[in-house]
Amino acid sequence: MNIYQEEILEHYRHPHNTGQLEHADVVQQEYNPFCGDKLTLYLTFVDNKVAEVRFMGEGCAISQAATSMLTDKIAGMTRKQIQQLTKEDVLQLLGIELGPTRLKCALLSLQGIHHAIQQAPTPTSKDVTA
Amino acid sequence: MERILTKKIQQDFPLLQRGVAYLDNASTTQKPQAVLDAMNAYYTECCANVHRGIYAISEDASARFEAVRDQVQQFIGAGHREEIIFTSGTTASLNMIARMLGATCSAGDEIILTEMEHHANLIPWQIVARERGLKLQFLRAREDGEIYAEDLQALCTPRTKIFALTHLSNASGYRTPLAELTRLAHEQHLLVVVDAAQSVPHIPINVAELDIDFLTFSAHKMCGPTGVGVLYGKKALLERLEPAFGGGHMIAHVTLEGSTWAELPMKLEPGTPNIAGIIGFGAALTYLSQIGMQAIEQHIHQLHTDALKKLTALPGIRILGPKDHSTITGILSFAVNGIHPHDIASVLDNEGVAVRAGHHCAQPLMTAWGVSATTRASFYFYNTEEDVNRFIAAIQKTQQLFLP
Ligand SMILES: Cc1ncc(COP(=O)(O)O)c(C=O)c1O
């Protein structure tokens, strides 16, 4: 199967949500030791939901497209909703199947977002069960 | 161009029948049927431990096993058979020699490595350096990407004891000026440890002529099975070193309080070795010798030259490593403008071309090059011009896909 579908290439060429956030609540760095790719995520939270998200970093088309799509998806999501995101969600966004090695590329951003959530400022009480 | 070796040779390799253009030979090579048969024959005809049984099948196994030691001795031009120590691979050999030599050093002694070492020839030295308070110094490549003997001289101090270096860089294919470096290191009374994991499979090597003190390589990069490697050491040196690992088979006399060691090579081969693997390695050496290392070197050189010419004719290609491409053999490490190595390798895979993308276990070198990863094509004697052409066509296809 050709994993380089037009949508993936489009996100790779013109990734969404790139850049930095000066006022980020959380800055999370991720590293893929297999290929040396680095990813930095910037998030702000309002009412326990992701208000803004940006990312910086270099990577292959799969990792860039996955990060671009995933950062689109999590905007406005609650911490709990984000925690529940899985590998399958990322593959569904990408619309392809991947072998074990390329899966690591695809999942770097999910891993980063999960780590970021753990560090996010404590939620206000009304959102705990959201 | 007339080819030294022809496509017919591929018939000896079951996996190559699948039609893949296998260009990841620096990682591991394919195995000819003869190697698989030799290992199978051990298991079906003489499966017994070596050097223990007084019964016929054990003696048969021991004879097949020890014959490989003679073959290795011949293959690398060692003076004595007991200078050949079997290990599980280059990594194990380098860890072992680092431990054994490290034990002879005192705090403050210095070890020189190059900046282009595989992690297997870096981390073991970092570990002993930390344990024993030794200092690591690094011989760096100059602007042109090459290493110079004068720079080694400049790094030497009265405390320098060891110089460990690669003969052929797996990340770039650069062939270090080993003879000159060894001569200079010996003038400075250093012991020379050579990581020959990439060179022994590609180039005829004579350790006695080169006057190398210790040399390491892996069977699996030269048509042999995985899990087998060699540590060559000059007999007088190996005799002086204390073993790094103890166990059965390596002792002369044992009491509860202490033990004495067996003679070489047993002293450095504790436990049951990879008998089937070593016997398979023997078959690989026979196979390579029949083709001839000179022919192998020339064929790889032809393919490499051809691939280099065709690759550099494409737009946006940067060859990593020394600027003078005549110092590179067998390996092409490159960057394609605007395309990540992973994506290149994925598209190539789709086209039936196997290459490696990554840091090639040489992260400090990637840092020096200012990249996080490269794409690497590496050739062996069974590769053909057709493999090269498929590789080039697949790179063009990748460029079309990513750079419209
Ligand atoms: C130059 C070099 N040194 C050491 C090694 C490690 O060899 P092994 O993995 O067989 O122990 C390799 C293999 O990748 C290599 O290319």
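Some observations on this one:
- nm² value of the averaged projected area, convex hull over the Cα atoms of segment B:1-75: 7.5
- Placing +1 on the Cβ of every Lys and Arg and -1 on the Cβ of every Asp and Glu, with nothing else charged, gives segment B:1-148 a dipole about its Cα centre of roughly 280 debye.
- Relative exposure of B:ASP144, B:ASP12, judged by other C-beta atoms within 10 Å (fewest first): B:ASP144, B:ASP12
- Assigned charges on the beta-carbon of Lys, Arg, Asp, Glu; segment A:3-119 dipole about Cα centre (debye): 260
- Equivalent-ellipsoid semi-axes of segment B:306-363, from the Cα gyration tensor, Å, largest first: 19, 14, 12
- Measuring gaps between exposed loop sites in chain B (GluC sites (Glu not before Pro); DSSP loop; at most 13 other Cβ atoms within 10 Å), the longest gap, sites not included, is B:264-404.
- Computed over segment B:41-85, the P(r) tail beyond 15 angstrom holds 47 percent of alpha carbon pairs.
- A simple charge model with +1 on the Cβ of Lys and Arg, -1 on the Cβ of Asp and Glu and nothing else charged puts the dipole of the protein assembly as shown at about 420 debye relative to its Cα centre.
- 10 Å Cβ neighbours from other chains, averaged over peptide A:31-37: 5
- Count of lysine pairs in segment B:228-357 with Cα separation under 25 Å (8 or more residues apart, or interchain): 4
- Taking the C-alpha atoms only, the angle from helix A:100-119 to the longest principal axis of chain A is near 10 degrees.
- Taking the charge dipole of chain B about its Cα centre, with +1 at Lys and Arg Cβ atoms and -1 at Asp and Glu Cβ atoms, the residue from B:GLY282, B:TYR380, B:GLN396 reaching farthest to the positive side is B:GLN396.
- Sorting B:ARG390, B:ARG376 by the number of Cβ atoms found within 10 Å of their own Cβ, with the fewest placed first, yields B:ARG390, B:ARG376.
- Full extension of the chain between B:GLN298 and B:ILE123 gives 59.7 nm of extra length, using 0.36 nm per residue less the Cα-Cα distance.
- Percent RCO, i.e. relative contact order, over chain B, from Cα pairs under 8 Å lying at least 6 residues apart: 23
- Computed over the protein assembly as shown, Cα set: Rg, Dmax in Å: 26.4, 81
- Between helix B:56-76 and chain B there is an angle of about 60 degrees, using the helix long axis and the longest principal axis of the Cα atoms.
- Segment A:1-44: GluC sites (Glu not before Pro) in DSSP coil with no more than 12 other Cβ atoms inside 10 Å: A:GLU22
- For chain B, calculated [θ]222 nm from helices alone, where every DSSP H run of n ≥ 4 adds -39500 (n - 2.57): -12000 deg cm²/dmol
- Förster-model FRET efficiency, 56 Å R0, B:THR286 and A:ASP47, C-beta, rounded to 0.05: 0.15
- Placing a pseudo-label 7 Å from each Cα along the Cα-to-Cβ vector at A:GLN29 and B:THR272 gives an inter-label distance of 4.8 nm.
- In plain terms, the chain from B:ALA236 to B:GLU263 could stretch by 8.5 nm, reckoned as 0.36 nm per residue minus the Cα-Cα distance.
- Neighbouring partner chain Cβ atoms per residue of B:340-352, average, 10 Å criterion: 5
- Averaging over all projection directions, the Cα-based convex hull of chain B occupies 20.7 nm² in the image plane.
- Peptide-level mean, for A:57-63, of C-beta atoms on other protein chains within 10 Å: 5
- Lys-Lys pairs in chain A that are eight or more residues apart or on separate chains and whose Cα atoms lie under 22 Å of each other come to 11.
- Using the empirical formula 2.2 N^0.38 Å as the baseline, the Cα radius of gyration of segment A:3-119 reaches a ratio of 0.97.
- Converting the Cα gyration tensor eigenvalues of segment B:246-404 into ellipsoid dimensions via √(5λ) gives semi-axes, longest first, of 43, 21, 15 Å.
- Share of Cα-Cα pairs in segment B:349-400 lying beyond 15 Å, as whole percent: 55
- Axis angle, to the nearest 10 degrees, between helix B:123-132 and the longest C-alpha principal axis of chain B: 40 degrees.
- Modelled FRET efficiency - R0 35 Å, B:LEU403 with B:LYS7, Cβ distances, 0.05 increments: 0.60
- Proxy reagent accessibility, fewest Cβ within 10 Å first, across A:ARG13, A:ARG79: A:ARG13, A:ARG79
Throughout, read-outs are computed from the coordinates displayed, never taken from laboratory work. What you see is a predicted model, and the numbers here were worked out from it, not measured in a lab. Reconstructed Cβ throughout: ideal geometry from the backbone, glycine too, with neighbour counts over all protein chains shown.
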